[in-house]
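First the structure, in the form of structure tokens, and then the observations on it.
Every number here is computed from the coordinates shown, using simple stated rules; none is lab data. Because the structure is predicted, anything quoted here is derived from the model rather than measured. Cβ atoms come from the backbone with ideal geometry, glycine included; neighbour counts cover every protein chain shown.
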Amino acid sequence: MEQPENDPCADGAAARRITSVDLAAALDQFSDAGLLTEGKINLIALDAIVERLGARWNTRRGQIHDYVTRFIERRLGSDGYHLRISETDFLICQPEVGRFAGQAACLQILRDVLNHFIGDAAHADDWVHQVTKVSTSEIQGTRVRAAEVEKGERMEREARASARPRRTLDRWTPFIASDGRELRVACRLEPVVELKAHGQIGFRIARRVFVAGSDETITAEMVRKLSRADIMRIDLAAAARGMEALRAAESSEPPPSLIMPVSFISLSCQRGRTAIAGLLMEARDLVKRGVICEISDIEGVPQGVMLHVVSLIRPYCLFVVARIDLGPPAAATLAQLKHSGVQALSVECPQRLTDAAFVRWMKTTVEAARRVVRSMLLYQLVSLQQAALAAEIGATHASVREWAREDV
């Protein structure tokens with residue numbers, strides 16, 4: 001439904017939207033006075049898409065409605081529920097999250113939807129409203145203000161962090177592996193930038209595993225040969241140390257996101273998923289937008305199994321990235337990742353290649369990845385010149401080795 005000619009929301013006043021069908025029974029769950037008072041019910045509108053598509057809206061609206069419904073379901077997970085009430089409007093209720101955290105989620109959902117369909121989310125803030133009254137004939141609400149939401153969410157996050165007892169790193173590292181060796185996990189935070197916009201999207205947790213009391217490094221190949229329990233402890237230790245480093249960082253505001261590495265082996269069992277989901281939720285309080293889950297050891301995993309695991313962990317994170325081994329990815333790996341639910345691929349760049357060999361590797365790897373996903377992250381580039389070249393070739397995000405912070 002079109003916005004009124006003189007939009008009362010422009011001044012924060014009540015906005016009225018008439019529902020297009022009789023939704024009395026379905027609207028009951030959105031009429032709770034307590035939820036309305038606490039600001040837990042919000043409305044997002046697709047008017048910007050209608051305006052941009054013009055006459056094409058009528059032929060594409062079914063497809064758009066289906067996409068938005070599925071997208072909201074994935075983003076909310078078990079934290080809320082939703083209902084489409086008109087051609088353009090969706091009600092979203094998130095009873096278990098704070099008022100501003102819920103509104104921030106709605107803003108981000110709409111921004112992602114607008115970027116997907118029209119490539120422009122500049123006016124997303126105009127089409128998210130906090131609902132104040134629900135009836136079978138009308139919805140009333142006030143437009144949310146992005147700046148107020150950001151400030152309020154930060155205060156909610158700080159309150160939760162101060163109330164929650166911190167985990168001790170000793171719980172996860174060092175530990176005695178199944179082969180009898182004592183292993184310890186160290187990590188560092190590496191800034192990751194969007195190459196096109198030259199803006200930092202957050203940090204990645206880059207981990208290293210050592211034999212305690214020595215400088216002997218346990219390589220990624222050696223880690224894969226450890227037991228499932230050992231791999232899970234390494235995943236949990238890296239996440240805990242990364243979050244501790246983020247807490248200790250001297251910064252006036254939290255970063256947009258944190259890329260948390262986990263092994264598919266850990267996610268493939270219920271115990272591992274539960275532990276990792278808990279850390280993902282804990283990490284959400286340390287960043288603005290959300291946590292990105294990066295799944296490694298995915299080579300050879302059947303597409304259906306991958307899709308199942310991604311769907312189970314997706315509600316706890318902002319995006320899911322598949323970490324490939326060295327690259328370029330094999331055709332079989334690309335086939336298994338297509339339609340698996342992952343939204344990006346990442347790889348750590350090989351070292352000690354000649355400039356010409358490195359350019360060939362990068363072109364082959366990025367071109368192969370972009371056949372499956374829109375985003376490609378390259379880690380551990382050696383210079384800003386390599387980052388500029390990566391952007392020209394088609395990589396979307398990168399980290400440069402010299403940006404990394406010290407190990408913790």
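Structure summary
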{"read-out": "Cα gyration tensor shape of segment 268-408, rounded if a/c is under 1.5, else prolate or oblate by comparing a/b with b/c", "value": "oblate"}
{"read-out": "Positive-pole candidate from Ala48, Leu107, Phe117, dipole of segment 8-162, charges at beta carbon", "value": "Phe117"}
{"read-out": "Packing-based ranking, highest mean first, of 115-126, 253-264 given that Cβ atoms within 10 Å are counted", "value": "253-264, 115-126"}
{"read-out": "Distance-filtered residues of segment 127-147 - backbone nitrogen under 20 Å, label point 7 angstrom along Ala33 Cα→Cβ", "value": "131-142"}
{"read-out": "Charge-dipole axis of the chain as Lys and Arg at +1 and Asp and Glu at -1 on Cβ define it, positive-most pick from Met260, Leu246, Cys317", "value": "Met260"}
{"read-out": "Listed residue pairs exceeding 27 Å between alpha carbons, taken from Lys133/Lys288; Lys196/Lys363; Lys196/Lys225; Lys225/Lys363; Lys338/Lys363", "value": "Lys133/Lys288; Lys196/Lys225; Lys225/Lys363"}
{"read-out": "For the chain, size of Cβ-based charge dipole, Lys and Arg +1, Asp and Glu -1, in debye", "value": "900 debye"}
{"read-out": "Gap separating the Cα centres of segment 108-131 and segment 183-259, nearest whole Å", "value": "32 Å"}
{"read-out": "Antiparallel DSSP beta bridges within the chain, as percent of all bridges there, nearest 5", "value": "60 percent"}
{"read-out": "Total formal charge among the other residues, if their Cβ is under 11 angstrom from that of Met362, Lys/Arg +1 and Asp/Glu -1", "value": "-1"}
{"read-out": "Net length gained if the chain between Glu150 and Asn58 were fully extended (0.36 nm per residue, minus Cα distance)", "value": "29.6 nm"}
{"read-out": "In segment 205-278, trypsin sites (Lys or Arg not before Pro) in a DSSP loop with at most 15 other beta-carbon atoms within 10 Å", "value": "Lys225"}
{"read-out": "Helix-only [θ]222 nm of the chain, DSSP H runs n ≥ 4, -39500 (n - 2.57) each, per residue, nearest 500", "value": "-12000 deg cm²/dmol"}
{"read-out": "Between 0 and 90°, nearest 10: helix 355-369 axis offset from the chain longest Cα axis", "value": "40 degrees"}
